[in-house]
Amino acid sequence: MPGYVSLWLWQWDTTQALAQAAGVYHRESRKGRYQLTYKEAKTVCKYEGGNLATYDQLEAARQIGFHVCAAGWYDKGRVGYPIVKAGANCGFGKVGVIDYGYRLNKSERWDVYCYNPNSKECGGTLTDQQKIIQSPGYPEEYQDEQICYWHIRVRYGQRIRLHFLEFDVEEDTSCLA
């Protein structure tokens, strides 16, 4: 009986981690990497219907393969990034959420990690030699305002070639997305 309870808890933790991870995503300023103050970072997440991700949400996303080597604001004025596999220039030889801690100077400029469990997420990790990527429901039942994060992994020394058959950017007059 104790083995059954232990198994049930593991399944619940995994399910909860997947649910938390589903809405985590990384954003940078339209001006480029590391250009958002804390206030601007919160605004970017709010504009997309979400909030700053918490440490637990960022860790849950990392556990299912979310890996971004770019420091960003997250909940309560902290800065960090999720690392699945440490590299020479990323993660300081560690894996996990690399946490720079609470920042006293909220004018520092970083990227941001947002959380929106209701976002229309698409994306994933690609390792195939060839893969067609398209928005869910395209072209017949395309839903606008998609948030897609694709992580393309290749062996060291390999190149990535993208070929666009059709590419359309949705209208965003304030240019925040």
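The values are calculated or read from the model by the stated rules, or taken from the named source; none is laboratory data. For clarity, every value in this text was computed on a predicted model and none was experimentally measured. With ideal geometry, Cβ positions are generated from the backbone for all residues, glycine too; neighbour counts draw on all protein chains shown.
Quick notes
- Given (1) over 20 Å from P82 (Cα atoms); (2) modelled with pLDDT of 75 or more, index of the condition P136 fails: (2)
- Residue among A41, A60 that alone is in a helix (DSSP H, G or I), hydrophobic (A, V, I, L, M, F, W, C), modelled with pLDDT of 90 or more and surrounded by 17 or more Cβ atoms within 10 Å (Cβ to Cβ): A41
- Residue check, I98 out of contact with any His (no Cβ under 7 Å at 6 or more places or on another chain), β-branched (V, I, T), at pLDDT 80 or above and within 23 Å of G32 (Cα to Cα): yes
- Test result for Y102, under 16 Å from T43 (Cβ atoms) and aromatic (F, W, Y): no
- Count of residues meeting criterion [small (G, A, S) and either under 18 Å from V68 (Cα atoms) or not assigned by TED's automatic domain parsing to the domain that holds D75 (or both)] in the range 30-51: 2
- Of all positions in the range 111-132, none carries a residue that is assigned by TED's automatic domain parsing to the domain that holds Y38, surrounded by fewer than 17 Cβ atoms within 10 Å (Cβ to Cβ), modelled with pLDDT of 85 or more and closer than 16 Å to C45 by Cα.
- For first residues located in the range 56-72 and outside the structural domain of E108 (by TED's automatic domain parsing), partners that are surrounded by 16 or more Cβ atoms within 10 Å (Cβ to Cβ) and of a type in the set (G, A, S) and lie 6+ apart or on another chain with Cβ distances below 8 Å do not occur.
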